[in-house]
Amino acid sequence: MALQSLDIARRSATTTDSPSVRQTTEVAKLIDVTTCIGCKACQAACMEWNDIRDEVGSNSGIYDNPRDLSAESWTVMRYAEVEEAGKLEWLIRKDGCMHCAEPGCLKACPAPGAIVQYANGIVDFHEENCIGCGYCITGCPFNVPRISKKDNKAYKCTLCSDRVAVGQEPACIKACPTGALQFGSKQQMKDYAEERIVDLKERGFKDAGLYDPQGVGGTHVMYVLHHADRPQLYNNLPENPSISPMVALWKGVAKPLATLALAGIAFSSLFHYVIKGPNEVSKELEDELEEEDAS
Amino acid sequence: MIRNPKDLQRYTAPERANHWVVGICFILLALSGLAFFHPAFFPLAQLFGGGTWARILHPYVGVIMALSFVRMFFRFRELNRMTPADREWLSRVGEMVDGNDHNMPVQGKYNGGQKLLFWALVVCMALLVISGIVTWRAWLNLPVVVVRFGAVIHAATAAVMIGLIMVHIYAAIWVKGTIRAMWYGTVTRGWARQHHRAWYRQMTGKS
């Protein structure tokens with residue numbers, strides 16, 4: 001989904017600066033897990049606005065449906081039944097792309113311009129540049145991107161970059177009936193979360209807090225959690241996500257160094273030839289052989 | 001070029017063909033692989049019809065290379081066993097590089113450097129095949145930790161192997177009269193006597 005090229009802050013497999021004269025407000029989606037009722041209106045709105053239809057799956061005995069994210073399901077509700085202090089808690093988390101400030105997918109992507117980060121913080125896939133290698137999946141700390149079986153391109157939540165670009169909120173936000181989904185500037189969302197957390201603490205959730213993991217530079221999709229000390233309760237939301245050291249090594253300083261080393265071998269070879277000359281069969285030896293033949 | 005009937009046969013036609021299949025695959029793999037290695041090399045993907053085609057073709061070419069390499073491994077394994085003479089040669093490789101090979105220890109069909117390269121390539125190929133399979137998303141979807149590890153191994157090993165092959169090719173260019181062994185299989189007696197004296201003796205019965 002293309003947006004104005006002026007608003008692209010970062011572009012995959014590109015080593016020079018992106019257009020950066022125009023500054024835009026950083027946006028964020030806030031998912032207040034504590035007021036979510038699990039109605040899946042957000043899932044339906046996502047399908048409708050983006051006009052994507054997943055295949056009808058089968059009931060696996062729990063509310064999660066579809067069972068997992070896919071190329072056609074960019075957001076899914078994940079339901080966890082947890083016992084806390086002798087009481088059942090139904091923890092429902094809307095899963096999808098977190099729009100990291102330091103996106104692992106973008107870092108891993110080898111195709112120029114297949115993944116971009118807009119100045120407003122949204123991380124978007126430009127499928128027409130996608131080559132289908134799946135490196136974005138390898139790079140993502142949240143296991144979000146999915147390769148389509150139909151066209152071998154990678155897909156995920158766009159944070160409705162097309163709607164946001166024209167001043168509208170994402171489709172899921174518009175559909176949420178309880179106000180569990182909020183959208184605005186990142187600062188506004190943090191302020192709003194702060195109020196919610198104070199309220200939750202008063203109601204006995206002493207560990208309530210905001211999930212805005214700093215290991216990936218913060219995210220543009222944040223959660224208000226009742227148990228912010230244990231995010232893994234919410235269907236294994238990672239406690240301290242970061243770009244894997246493996247990915248950092250794979251896509252980091254090693255490659256320019258290896259490139260230099262290979263160039264070094266090529267030039268050393270050339271100059272070795274120029275300085276030392278070729279290694280030819282000695283004339284003396286050839287004459288010896290000729291003598292042998294003659295005798 | 002009229003070949004001298006006294007030239008020595010170094011490689012048979014099947015050996016040459018096998019080597020060329022591996023060599024062509026390597027070049028295709030290196031060019032398409034580098035395209036994904038660093039953005040500076042991405043334009044190389046155009047040689048294959050674009051990034052998507054490069055991504056599709058690379059692993060299949062890899063399969064052909066792996067199979068041909070296995071065949072080549074069994075052809076040349078015995079000839080590449082390291083001996084004390086090879087270690088001696090390796091310890092004095094500096095003289096060779098300096099362009100003064102007259103006092104180098106007598107070598108058989110392969111010298112210590114060639115043998116070391118052979119075994120290094122065997123290790124590289126094994127690592128590349130295993131790590132290549134685990135990252136082949138068209139067929140497999142393994143746990144992300146495994147794929148991440150595979151991606152690092154694949155990229156690092158590939159860089160090492162490209163370096164080794166550059167040395168391999170340069171050595172063939174530098175030592176005159178070598179490349180013809182891979183084109184049509186023969187070398188001159190002078191070449192054999194100077195560079196692989198023990199093999200020369202074995203082939204001709206002369207010293």
Do we have any residue at all in the stretch A:223-231 that's among the charged types (D, E, K, R) and free of Cβ contacts under 8 Å to residues at least 12 places away in the same chain? no
The lone condition B:L29 fails out of (1) of a type outside the set (K, R); (2) more than 14 Å from chain A (Cβ to nearest Cβ); (3) closer than 24 Å to B:R201 by Cβ; (4) not in a loop (DSSP other than H, G, I, E, B) is (3)
Exactly one of B:K115, B:K109 is more than 10 Å from chain A (Cβ to nearest Cβ), not in a helix (DSSP H, G or I) and not aromatic (F, W, Y), and that one is B:K109
B:G185: passes all of (1) at pLDDT below 95; (2) facing another protein chain (nearest Cβ under 10 Å); (3) within 22 Å of the chain's Cα centre (by Cα); (4) surrounded by fewer than 18 Cβ atoms within 10 Å (Cβ to Cβ) but (2)
The number of residues in the stretch B:132-182 that are in contact (Cβ under 8 Å) with a residue 60 or more places away in the chain, facing chain A (nearest Cβ under 8 Å) and either buried (at least 19 other Cβ atoms within 10 Å of the Cβ) or of a type in the set (S, T, Y) (or both) is 3
Criterion first (at the interface with another protein chain (Cβ under 7 Å from one of its Cβ atoms), of a type in the set (V, I, T), closer than 25 Å to B:A159 by Cβ and surrounded by 11 or more Cβ atoms within 10 Å (Cβ to Cβ)) does A:I265 satisfy it?
yes
Note: among A:N235, A:N279, just one is at the interface with another protein chain (Cβ under 9 Å from one of its Cβ atoms), surrounded by 12 or more Cβ atoms within 10 Å (Cβ to Cβ), in contact with a strand residue (DSSP E or B) (Cβ under 8 Å, 6 or more places away or on another chain) and not aliphatic (A, V, I, L, M), namely A:N279
Matching residues in the stretch B:76-105 (in contact (Cβ under 8 Å) with a residue 24 or more places away in the chain and surrounded by 15 or more Cβ atoms within 10 Å (Cβ to Cβ)) number 7
Filter result for A:N65 (at pLDDT below 95, surrounded by fewer than 23 Cβ atoms within 10 Å (Cβ to Cβ), in the same structural domain as A:T24 (by TED's automatic domain parsing) and within 27 Å of A:Q214 (Cβ to Cβ)): no
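The values are calculated or read from the model by the stated rules, or taken from the named source; none is laboratory data. Bear in mind that the values here come from a model prediction, so they are computed numbers and not experimental data. Glycine gets a Cβ as well: all are built from the backbone with ideal geometry, and neighbour counts include every protein chain shown.
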